[in-house]
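Below you'll find the structure, written out as structure tokens, and then a few comments.
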Amino acid sequence: MTVFNFVTVGKTLDVDLPFVEKVQSEQETDAVELGEGIKSFQSTSLQDRLYVHTSQAIQFLQYNYLVPPLAPQVDVVFTNVSLKEKIGKVINSLLGRGLEQYQHNACADPETSTIYFSSAYLALKEKLPAEIQILALELGTVQKVVERELFHEIGHLAIRKHLRRKEVDSSIHPFEQRIRENIEEGFADSFSLHMMAIKYPDQQSFPVLRRHIQEQVKNDPFQVINVYRAYDDIPLKDSNGAVLKDVNQIVAGCLEVALKNNKAMLLECLADNFYRPQIKGSLNLMLSDSIDDGAYVDHFHNHYRKEGIVVNIKDARAKHFGSNANTAKKKV
Ligand SMILES: [Zn+2]
């Protein structure tokens, strides 16, 4: 059972309770085009508008029994919603304490089951960050963009719940870390786009986003965001060609898609003389040199499935006690 706790507005949503009523009529929020900024919902504050959009997205999952297994409580925190917060942010950055949640439009902290969501999505067109403009091209309305982003962050929490967790007290090699994060990003994007494809049956593919990611990794494939191939396997379908609606099957299917994408990325990188020794050195699998690359990657993936998410508890603790050690950490 899971309760979503909207910390910023002091409201909760118990997704195990029967669905009662919609927060605001879907038509009303669906119609808001990205980039319209304050012109619509004029009377409501940024945090109230973020609440309407995000809770509506979660209620869609609730109503359709699509909430994946998650921690008992998921906190949803809205950022960049008040002047006080903006001043605090400036002071923190002057002190060299740039907080992770202010570096992204949306992100998740799986260690505390917290999703951070910024009011950047509600800005006027000329103030929209470039990465949100790509989403606007593909999806158009604020509601759809918020859904895509929120489902992605829920995906991060879902894979952590689905896989085992292994705690270590030493650092993971940065290259191994990158490979592991690529699997997680592939999962989060697959989960998000599958949910979008269920909600919007007339949108079964996301060509603008796919092309954008492919373009970003064209000259440097060894990247966390090299996930564009996953887009070709979404939505997941059953043997009769029907879109999967069972959330546990969806979670299992998204992991397979993420591993397939990661395998293709690793094979591409292993064929590169620059990356090959770095990947082999970082994974340090002690396999015979004669093993082919496909079997090599499969071996790592079997290991990954058994071991699950590896958490460096020193890093995790340092982060929660406010140390600055982790500011270079990538968005999740
Ligand atoms: Zn992510």
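The long axis of helix 83-94 is offset from the longest Cα principal axis of the chain by roughly 30 degrees.
Suppose R0 equals 35 Å. What FRET efficiency, 1/(1 + (r/R0)^6) with r the Cβ-Cβ distance, do Ala264 and Ile87 give to the nearest 0.05?
Numbers: r = 46 Å, r/R0 = 1.32.
Between Ala264 and Ile87 the formula returns 0.15.
Diffusion of segment 152-272 by Stokes-Einstein, at 20 °C in a medium of 1.002 mPa s and with Rh set to the Kirkwood radius over alpha-carbon pairs, works out to 143 µm²/s. Amide H contacts of Val76 (H built 1.01 Å from N, in plane; Pro and chain starts excluded): Asn5, Phe6, Val7, Ile115 sit under 5 Å, all sequence-distant by 5 or more or on other chains. GNM on the chain, alpha-carbon springs under 10 angstrom: the most fluctuating residue among Ala108, Ala123, Ala230 is Ala123.
Here the dipole of the chain is about 720 debye; that uses its Cα centre as origin and unit charges on the Cβ of Lys and Arg (positive) and Asp and Glu (negative).
Rounded to the nearest 0.05, what FRET efficiency is calculated for Asp246 and Glu111 with R0 set to 22 Å and r the Cβ-Cβ distance?
Taking R0 as 22 Å, the efficiency between Asp246 and Glu111 is 0.20.
Scalar couplings 3J(HN,Hα) for segment 186-202, obtained by applying the Karplus form with A = 6.51, B = -1.76, C = 1.60 to θ = phi - 60°, are x, 5, 4, 5, 4, 4, 4, 6, 5, 5, 5, 5, 6, 6, 10, x, 8 Hz; x denotes Gly and Pro. Rounded to the nearest 10 degrees, the angle from helix 142-162 to the longest Cα principal axis of the chain is 40 degrees. Between the residues Leu283, Val52, Leu270, the greatest Cα displacement towards the positive end of the dipole of the chain, with unit charges on the Cβ of Lys, Arg, Asp and Glu, is found for Leu283. Return the subset of Lys125/Lys218; Lys166/Lys306; Lys199/Lys245; Lys166/Lys245 for which the Cα-Cα distance in this structure is over 19 Å, preserving the input order. Violating the 19 Å limit, Cα to Cα: Lys125/Lys218; Lys166/Lys245. Database remark: amide H of Leu163 closer than 5 angstrom to no amide H (H placed geometrically; neighbours at sequence offset of 5 or more, or on other chains; Pro and chain starts carry no H). Amide H contacts of Asn312 (H built 1.01 Å from N, in plane; Pro and chain starts excluded): Val168 sit under 5 Å, all sequence-distant by 5 or more or on other chains.
Taking the convex hull of the alpha carbon positions in segment 189-332 and averaging its projected area over all directions gives 11.5 nm².
For the chain, relative contact order (Cα pairs under 8 Å, six or more residues apart, normalised by length) works out to 18 percent.
Roughly how large, in nm² to one decimal, is the mean projection of the convex hull of the alpha-carbon atoms in the chain?
Across all orientations, the chain yields a mean hull projection of 18.1 nm².
When you restrict to C-alpha pairs under 8 Å that are six or more residues apart and normalise by the size of segment 190-298, the relative contact order lands at 25 percent. In this label model, Asp289 and Leu94 are separated by 5.9 nm, measuring between points 7 Å along each Cα→Cβ vector.
Taking a straight line from the alpha carbon of Lys280, these aspartates and glutamates sit under 14 Å away, with near neighbours fewer than eight places off in the same chain left out: Glu176, Glu268, Asp272, Asp289, Asp292, Asp293, Asp298. At 25 °C and a viscosity of 0.890 mPa s, what translational diffusion coefficient does Stokes-Einstein give for segment 82-237, taking Rh as the Kirkwood radius over Cα pairs? Give it in µm²/s as a whole number. This corresponds to a translational diffusion coefficient of 142 µm²/s. A simple spin-label model places the labels of Gln216 and Gln203 1.8 nm from each other, with each point 7 Å out along Cα-to-Cβ.
Computed from the coordinates by the stated procedures, all read-outs in this text should not be read as laboratory data. Just so we're clear, the structure is a prediction, and the values are computed from it rather than from any experiment. Cβ coordinates were reconstructed from backbone atoms using ideal geometry, including for glycine residues, and neighbour counts include every protein chain displayed.
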